[in-house]
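Asks: Structure incoming, see below.
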Amino acid sequence: MRVALFLTCVNDTLYPDTGRAVVKLLTRLGVEVDFPMAQTCCGQAHYNTGYRHQAEPLARHFSDVFAEYEAIVTPSGSCGAMVRELYPRMGERARAEGRGDTLATTLAPVVPKTYELTEFLVDVLGVTDVGAYYPHTVTYHPTCHGLRGLGLGDRPRRLLQAVRGLELRELPGADECCGFGGTFAVKNPDVSAAMGLDKVRNAESTGADVLCAADNSCLMHIGGTMTRLSTDMRPVHIAEILANTEGEPNA
Amino acid sequence: MSGTFVGMPAFPEAAHEAVNNPTLRANLRHATHTIRAKRAVAVSELDDWAALREAGKQIKDHTLRHLDRYLVQLEESVTAAGGVVHWAADADEANRIVVELVRATGESEVVKVKSMATQEIGLNEALEAAGIHAYETDLAELIVQLGKDRPSHILVPAIHRNRGEIRDIFTREMSEWGRPAPEGLTDTPAELAEAARLHLREKFLRAKVGVSGANFMVAETGTMMVVESEGNGRMCLTLPETLISVVGIEKTVPTWRDLEVFLQTLPRSSTAERMNPYTSMWTGTTDSDTADGPRTFHLVLIDNGRTDTLADEVGRQALRCIRCSACLNVCPVYERAGGHAYGSVYPGPIGAILSPQLRGTQSEIDASLPYASSLCGACYEVCPVAIDIPEVLVHLRERIAEGGPVTREGNKAVLKPAKGHAAERAAMRAARWAFGHPGALRTGQRLASRTRRFHPRTLPGPGRAWSDTRDLPAVPAEPFRDWWQRTQGGKDVPK
Ligand code: SF4
């Protein structure tokens, strides 16, 4: 099977290790991974901040780049939700504004083929044990767009539970938002920081070494709060845990 | 905390105070987490919750689509039952009508059933200005009124107060309004409730005029319905000779039968009860001396921005709201910012989409409300009429950031983008341009990587909002796409 990796602009620029981990993991599971070099951004930040018309060309570009692939895999719950939930909505809005079906038709092919990483592993590849080894205590934060947007359910937890050496600890208040919310973090800094602080305190109370999530944007906010508070915990993307094996530990 | 909502600063500044007030934070956290957990249990008892939610949504959507027809039917039914219907286009008109109706009775006091609509139009203040005292009879509403405070929650307007604060307010203020608080009042719930009961009983027995809202109005019969937990509302509805109900037009349902859905979803969503302790219904007037209920009944139907909201395809779903307040109790932003920061009687997620629609987005506070959310989606998940609040928030952000068509007072207009978004718009355009030109994006990434040793972990200017409380991630030595090109996804280099 050959899939396209949609890494997302944030990961590409700031978290290349996550991208390398996805490649390593999928390759190990016998999937051929391609990274279309023309990819950029799904348009989520524009859309959610109120710049829908600026997001449209980005969505069209996404479709142009990825339409031909059998499956598109992304290690980001929120960018996955953007494509799956909001691209169809953008098409509908364009139609409601009397601009015809063009946008909807352009975006339609990529919508059902776009998978968040854990979804792809469990639903498409049908695996929960990916052969990983990770000798740490881990607590899992289900980010809002993964939880409510995509309905990832217990998929990430099942994957983590199958990792050898890993001890999973339940996170109190797991369903509560960490307070990132894209531009919300900058527009409402007080509330955002208060939410981040509570998330970190809850995570600390588990005594785990690692806080894991399937979205680096949320981890950037949580991790930034952790370093500011000098906590011992580290934020780690789930792909980096799943890619890790005894023979080949991650760099 | 006294005063009106007019001239409120934007949400982030208004929230600043609450976020840094540990007592308020603790009061709110405790209250919302308790009710949220209870609600989850109450809802999980019904295995047809999803179907009820869908039914509630459908009934409301159907009614809103044909609201003109159902309102005419409602007027006919109310009139046939002996009531008088008045139409008010805005808050001023509604207040004028009510003041005149009270004056016509010759009374200078009214007792009130808790009502969001009368708070929305500022009726108490308008009555006061006309020399008429309005006494709130709902316990939480009484606390707010005595404390010269503002409500901060739809269902529990005094949620931001703890017991000690309430005792102090009662001791200090009750004598100004009627029967004073008992000597040596403590802060136990039973004593506080008893003090309020004694204070209010005087008012009930004296009052000739009652003012209420309504949770629902049944078009086919002209029946009004109020659901409540304390029974004080029922006293106001049955004892006075004249009853004036002030209700938003969107509270209409077509038939009696439709109530079966909402009488299940509303109490479970709001107070986590299986059924409302008191469900009062009245249809027009009673003309016998022995029967309970008003001899004269007036219904004041208020628009106040509702038909304009109805004209907006995406935003109109906000009018489905049955004011259960479940969205407030799960909202992480409400929990930290408190209800007052929303600058309206409708706080929390529903307030963030309702106020800027009813009032327009011109004021600073109304332009900031659509951004008072991290779009986490918890509000949509709990809403018993499935209002997609995040969808409407983003829609309203668009109106503020890019401008667009709106209906104001029945006229179509095209709004210009709001002021103060120029820098953001430019940044969005620049980012969009870079994302449209992968070569440019790559150059930027490389530049960031090469200069990475010079990147500060904290930022100057607007970026400080981020870096005051959080560190930025370090820029990696090589963006992913460069690594991919150099190694073809790791194939070219030994691992
Ligand atoms: S928006 Fe929904 S959840 Fe919020 S108060 Fe209204 S009905 Fe309840």
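The values are calculated or read from the model by the stated rules, or taken from the named source; none is laboratory data. Source: prediction; values computed, not measured. Cβ atoms come from the backbone with ideal geometry, glycine included; neighbour counts cover every protein chain shown. Ligands, DNA and RNA are stripped out before the accessible areas are found, and what is left, the full protein with its side chains, is counted by its heavy atoms. Shrake-Rupley method; radii C 1.70, N 1.55, O 1.52, S 1.80 Å.
Asks: Being in contact with a strand residue (DSSP E or B) (Cβ under 9 Å, 6 or more places away or on another chain) and in a loop (DSSP other than H, G, I, E, B) is the filter here, so list the residues in the stretch A:212-251 that pass it.
Replies: The answer is A:Ala214, A:Asp215, A:Met233, A:Asn244, A:Thr245, A:Glu246, A:Gly247, A:Pro249.
Asks: All but one of (1) open to solvent by less than 70 Å² (accessible area, probe 1.4 Å); (2) under 25 Å from A:Leu219 (Cβ atoms) hold for B:Glu381; which doesn't?
Replies: (1)
Asks: What about B:Gly210, is it out of contact with any helix residue (DSSP H, G or I) (no Cβ under 9 Å at 6 or more places or on another chain) and buried (at least 20 other Cβ atoms within 10 Å of the Cβ)?
Replies: no
Asks: Show the residue pairs meeting these rules: Cβ distance below 7 Å; 6+ apart or different chains; first residue within the stretch B:253-270 and more than 14 Å from B:Met224 (Cα to Cα); second residue within 16 Å of the ligand (Cβ to nearest atom) and at pLDDT below 95.
Replies: B:Pro267/B:Asn276; B:Ser270/B:Leu155
Asks: Is it the case that B:Phe297 is buried (at least 21 other Cβ atoms within 10 Å of the Cβ), at pLDDT 95 or above and under 14 Å from B:Leu239 (Cα atoms)?
Replies: yes
Asks: (1) in a helix (DSSP H, G or I); (2) at pLDDT below 90: which one isn't true of B:Pro390, the others all being true?
Replies: So B:Pro390 meets the others, but not (2).
Asks: Follow-up. Which ones in the stretch A:186-203 are surrounded by fewer than 24 Cβ atoms within 10 Å (Cβ to Cβ), more than 7 Å from chain B (Cβ to nearest Cβ) and either among the aliphatic types (A, V, I, L, M) or not in a helix (DSSP H, G or I) (or both)?
Replies: The answer is A:Leu197, A:Val200.
Asks: To continue, here is another question. Among the residues of the stretch B:349-375, what is the count of those that are outside any helix (DSSP H, G or I) and within 14 Å of the ligand (Cβ to nearest atom)?
Replies: 1
Asks: A further question on this structure: Would you point out the residue of the stretch A:170-180, among those that are facing another protein chain (nearest Cβ under 8 Å) and in contact with a Ser or Thr (Cβ under 8 Å, 6 or more places away or on another chain), that is nearest to B:Ala14 (Cα to Cα)?
Replies: A:Gly179
Asks: Another question about this same structure. Restrict the check to the stretch A:121-131 and report whether at least one residue is surrounded by 24 or more Cβ atoms within 10 Å (Cβ to Cβ) and in contact (Cβ under 8 Å) with a residue 12 or more places away in the chain.
Replies: yes
Asks: If you check every pair at least six apart or on different chains, which have Cβ atoms under 7 Å apart with a residue in the stretch B:344-355 that is aromatic (Phe, Trp, Tyr) first and a residue that is open to solvent by less than 10 Å² (accessible area, probe 1.4 Å) and more than 10 Å from the ligand (Cβ to nearest atom) second?
Replies: Once the first residue is aromatic (Phe, Trp, Tyr) and sits in the stretch B:344-355, its partners that are open to solvent by less than 10 Å² (accessible area, probe 1.4 Å) and more than 10 Å from the ligand (Cβ to nearest atom) give B:Tyr346/B:Ser355.
Asks: To continue, here is another question. Does at least one position in the stretch A:151-163 carry a residue that is part of a loop (DSSP other than H, G, I, E, B) and touching a Cys at 6+ places or on another chain (Cβ under 9 Å)?
Replies: Taking every residue of the stretch A:151-163 in turn, none turns out to be part of a loop (DSSP other than H, G, I, E, B) and touching a Cys at 6+ places or on another chain (Cβ under 9 Å).
Asks: Let me ask something else about it. Report yes if B:Glu202 is surrounded by fewer than 17 Cβ atoms within 10 Å (Cβ to Cβ) and within 16 Å of the ligand (Cβ to nearest atom), otherwise no.
Replies: Numbers: surrounded by fewer than 17 Cβ atoms within 10 Å (Cβ to Cβ): yes; within 16 Å of the ligand (Cβ to nearest atom): no.
Spelling it out, it is not the case that B:Glu202 is surrounded by fewer than 17 Cβ atoms within 10 Å (Cβ to Cβ) and within 16 Å of the ligand (Cβ to nearest atom).
Asks: Are any of the residues in the stretch A:132-140 within 14 Å of chain B (Cβ to nearest Cβ) and either of a type in the set (D, E, K, R) or not in a loop (DSSP other than H, G, I, E, B) (or both)? If you could, list the steps in order and put the result at the bottom.
Replies: As a first pass, look at the stretch A:132-140 and keep what is within 14 Å of chain B (Cβ to nearest Cβ): none.
Looking through the stretch A:132-140, none of the residues is within 14 Å of chain B (Cβ to nearest Cβ) and either of a type in the set (D, E, K, R) or not in a loop (DSSP other than H, G, I, E, B) (or both).
Asks: Please go through the stretch B:243-275 and give me each residue that is among the β-branched types (Val, Ile, Thr) and touching an Asp or Glu at 6+ places or on another chain (Cβ under 8 Å), ordered by number.
Replies: Residues satisfying the conditions are B:Ile249, B:Thr255.
Asks: I would also like to ask the following. Applying the selection to the stretch A:1-16, what residues are part of a strand (DSSP E or B) and either more than 9 Å from every other protein chain (Cβ to nearest Cβ) or open to solvent by 10 Å² or more (accessible area, probe 1.4 Å) (or both)?
Replies: A:Arg2, A:Val3, A:Ala4
Asks: Could you tell me whether any residue of the stretch A:88-109 is within 11 Å of another protein chain (Cβ to nearest Cβ), modelled with pLDDT of 95 or more and under 17 Å from the mean Cα position of the chain (by Cα)?
Replies: Among the residues of the stretch A:88-109, not one is within 11 Å of another protein chain (Cβ to nearest Cβ), modelled with pLDDT of 95 or more and under 17 Å from the mean Cα position of the chain (by Cα), which makes the answer no.
Asks: While we're looking at this one, here's another question. Would you confirm, using the coordinates I've provided, whether B:Ala134 is open to solvent by less than 20 Å² (accessible area, probe 1.4 Å), closer than 21 Å to B:Val227 by Cα and within 16 Å of the ligand (Cβ to nearest atom)? First the steps, then the outcome.
Replies: Values: open to solvent by less than 20 Å² (accessible area, probe 1.4 Å): yes; closer than 21 Å to B:Val227 by Cα: yes; within 16 Å of the ligand (Cβ to nearest atom): no.
Here the answer is no, as B:Ala134 does not meet what is asked.
Asks: A further question follows. Which residue out of A:Thr143, A:Thr227, A:Thr206, A:Thr183 is away from chain B (no Cβ under 14 Å) and of a type in the set (S, T, N, Q)?
Replies: Numbers: A:Thr143 fails: away from chain B (no Cβ under 14 Å); A:Thr227 fails: away from chain B (no Cβ under 14 Å); A:Thr183 fails: away from chain B (no Cβ under 14 Å).
Going through A:Thr143, A:Thr227, A:Thr206, A:Thr183 in turn, the sole match is A:Thr206.
Asks: Tell me, which residue of the stretch A:17-54 that is within 8 Å of chain B (Cβ to nearest Cβ) and of a type in the set (A, V, I, L, M) is nearest to B:Gly436 (Cα to Cα)?
Replies: The selected residue is A:Ala38.
Asks: Only one residue in B:Ser355, B:Ser363 is surrounded by 23 or more Cβ atoms within 10 Å (Cβ to Cβ), of a type in the set (Gly, Ala, Ser) and more than 12 Å from every other protein chain (Cβ to nearest Cβ). Which one?
Replies: Of the residues listed, the single one that is surrounded by 23 or more Cβ atoms within 10 Å (Cβ to Cβ), of a type in the set (Gly, Ala, Ser) and more than 12 Å from every other protein chain (Cβ to nearest Cβ) is B:Ser355.
Asks: Inspect all residues belonging to the stretch B:248-266 and state whether any of them is surrounded by 17 or more Cβ atoms within 10 Å (Cβ to Cβ) and within 20 Å of B:Val102 (Cα to Cα).
Replies: The answer is yes, given that some residue of the stretch B:248-266 is surrounded by 17 or more Cβ atoms within 10 Å (Cβ to Cβ) and within 20 Å of B:Val102 (Cα to Cα).
Asks: If we scan the stretch B:414-433, do we find a residue that is closer than 25 Å to B:Arg29 by Cα, facing chain A (nearest Cβ under 10 Å) and either touching a residue at least 40 places away in the same chain (Cβ under 8 Å) or in a loop (DSSP other than H, G, I, E, B) (or both)? Talk me through it step by step, then tell me what you get.
Replies: Here is the first cut: in the stretch B:414-433, the ones closer than 25 Å to B:Arg29 by Cα are none.
The answer is no; no qualifying residue exists.
Asks: Please specify each residue of the stretch A:205-230 satisfying the condition of being out of contact with any Ser or Thr (no Cβ under 6 Å at 6 or more places or on another chain), over 21 Å from B:Ala465 (Cβ atoms) and open to solvent by 30 Å² or more (accessible area, probe 1.4 Å).
Replies: Answer for the stretch A:205-230, where residues must be out of contact with any Ser or Thr (no Cβ under 6 Å at 6 or more places or on another chain), over 21 Å from B:Ala465 (Cβ atoms) and open to solvent by 30 Å² or more (accessible area, probe 1.4 Å): A:Ser205, A:Gly207, A:Ser230.
Asks: When the residues of the stretch B:387-409 are filtered to those that are open to solvent by 10 Å² or more (accessible area, probe 1.4 Å) and under 30 Å from B:Ala37 (Cα atoms), which remaining residue is nearest to the ligand (Cβ to nearest atom)?
Replies: This residue is B:Asp388.
Asks: If you don't mind, there's one more thing I want to ask. What tally of residues in the stretch B:230-246 results from selecting those that are surrounded by fewer than 23 Cβ atoms within 10 Å (Cβ to Cβ) and either in contact with a helix residue (DSSP H, G or I) (Cβ under 7 Å, 6 or more places away or on another chain) or farther than 25 Å from B:Ser288 by Cβ (or both)?
Replies: 4
Asks: Please indicate, with yes or no, whether at least one residue in the stretch B:45-52 is assigned to a strand (DSSP E or B) and under 26 Å from B:Thr252 (Cα atoms).
Replies: no
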